[in-house]
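*Asks:* Mind having a look at this structure? Questions to follow.
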Amino acid sequence: MSRSTMLATISLSGLLLFAAAAAQASIVTCESTNNEYRSCPVDASGGVRLSQQLSTKGCWENDTWGYDRNKIWVDRGCRAQFQVGAQSTNSAGKGDALAAAAVVGIAAAAIIASSKHDDHHNKNQNKNYNNSYNNGYNYNYDNRYDGRYDSRYNDNYRNYDNSRYGYNGYGGDPRRTFTCESRNDKRNYCGIPGRGHVEIYKQRSSNPCRHGHSWGVEGNSVWVDDGCRAEFAVY
Amino acid sequence: MTARHSLIAAAVLLAAVAASAAESPPASKPVDTAQAMLDRMDRNLDGKISFEEYRNAMVRRFGARDVNDDGVLQGDEFPKEWLAGAAVEGATGKVSFEQFTAELPLVFDGFDADKDGQLNAAEIAAFAAARKTQEESRS
């Protein structure tokens, strides 16, 4: 046990060094709450990289997050930390990044090995962890929709009703998916089968699907426009 | 990957394709876990898995398990099957969101042999095979 404690100490030192290095590149947290668009002013001329996703709701570049010169934006429930400026590309400093990553990996293993003696490690982590996730709509799926949408959208959606594996299925697969297509670049509306968080599951068009521009949610419907065609997931 | 034997990495690896095992009838084994990974993760349908696709699928998976929404999987939430083969099942019985997400790029990069930021068909196959090996070593 002393050996693992020592390893944990050494690894934690590495972790702290890595954290200090990472702190020099600016880390900005930007969060879409209530599924609403949010912009966070930054000087993004040096590039932006999503460094840590905080929400289970999807963070998809140029759909639910993005940036331009002076801001990062998030939408549709995406919450994340972003690294702004230095090392925002994958090529530069890749060796260093991998070395640091290896240290983190070792640290994580060591922490796990000792965490049963050290419960306070975890207590204050993740204050921001997707607090909206349990706020009702995953629990309240309404079976009355089953018959109605089964007949109307039979060819268009798949049912992932794996509730026998417990909460929201075994591991985060959508409850339902359904397809919605903008033909001839025209707007189209599609009913959402059931309740839950909607996001794009598979984009099937070459035209981009970007939330707020070529797709969105209004009430119990999804709209698509400008040639966006996608399979949507209901979580 | 041989240099890294992190338990969480093992858990992440298993979590990536665990659904196919769980959603099949108990008697049948998943026949094509590489295809299962593509089915679940390949959002732009290019036959490859980007880190963003991988990250979103894995974070959502963690969230689905975290019933009490405290950012830590433990007790009934703790996915013992994710640690299959790691020989430490039940040793600690918890994993935090930070620990989990910190492993994601490590595991991903470990299988991204050509370092292009995407897992292609061969790399996905290697991932699925590694996961299968790990599951089969479950004690």
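*Asks:* Amide H neighbours of A:Ser26 under 5 Å, counting only residues 5+ apart in sequence or on other chains, H built in-plane at 1.01 Å?
*Replies:* A:Val84, A:Ala86
*Asks:* Rg and Dmax of the stretch A:172-235, Cα atoms, in Å?
*Replies:* 10.6, 34
*Asks:* Tally Lys and Arg at +1 and Asp and Glu at -1 over the other residues with C-beta under 14 Å from the C-beta of A:Val84: what net charge comes out?
*Replies:* Values: positive: A:Arg49, A:Arg69, A:Lys71; negative: A:Asp43, A:Asp68.
Counting the neighbours of A:Val84, the net charge comes to +1.
*Asks:* What is the sum of charges around A:Lys57, taking Lys and Arg as +1, Asp and Glu as -1, for the other residues whose C-beta is under 9 Å from the C-beta of A:Lys57?
*Replies:* +2
*Asks:* Across peptide B:64-77, what mean number of C-beta atoms from other chains lies inside 10 Å of a residue's C-beta?
*Replies:* That average works out to 5.
*Asks:* Count charges around A:Ser45 for me, please; just the other residues with Cβ under 15 Å from its Cβ, Lys/Arg as +1, Asp/Glu as -1.
*Replies:* +1
*Asks:* At A:Cys40 and B:Asp69, where each label point lies 7 Å from the Cα along Cα→Cβ, what is the point-to-point distance in nanometres?
*Replies:* Using points 7 Å along Cα→Cβ, the separation is 2.0 nm.
*Asks:* Next question, about the same structure. Can you flag which of A:Lys71/A:Lys186; B:Lys80/B:Lys115; A:Lys186/B:Lys48; B:Lys48/B:Lys94; A:Lys202/B:Lys80; A:Lys57/B:Lys48 are past 27 Å Cα-Cα?
*Replies:* Cα-Cα > 27 Å for A:Lys71/A:Lys186; B:Lys80/B:Lys115; A:Lys186/B:Lys48; B:Lys48/B:Lys94; A:Lys202/B:Lys80; rest within.
*Asks:* Taking a virtual spin label 7 Å from the Cα of A:Thr29 along the C-beta vector, which residues in the stretch B:40-79 bring their backbone nitrogen under 16 Å of it?
*Replies:* Zone members listed by number: B:70-72.
*Asks:* 7 Å from Cα along Cα→Cβ at both A:Trp223 and B:Glu136: what's the point-to-point distance in nm?
*Replies:* About 5.4 nm, to one decimal.
*Asks:* What FRET efficiency comes out for A:Asp68 versus B:Asp116 if R0 is 30 angstrom and r is the Cβ-Cβ distance? Round to the nearest 0.05.
*Replies:* With R0 = 30 Å, the Cβ-Cβ based efficiency is 0.70.
Values quoted throughout were computed directly from the atomic coordinates according to the rules given, and no laboratory measurement underlies them. Worth saying up front: this structure is predicted, and the values here are computed from it rather than measured. Here the Cβ is made from the backbone with ideal geometry for all residues, glycine too, and neighbour counts use every protein chain on show.
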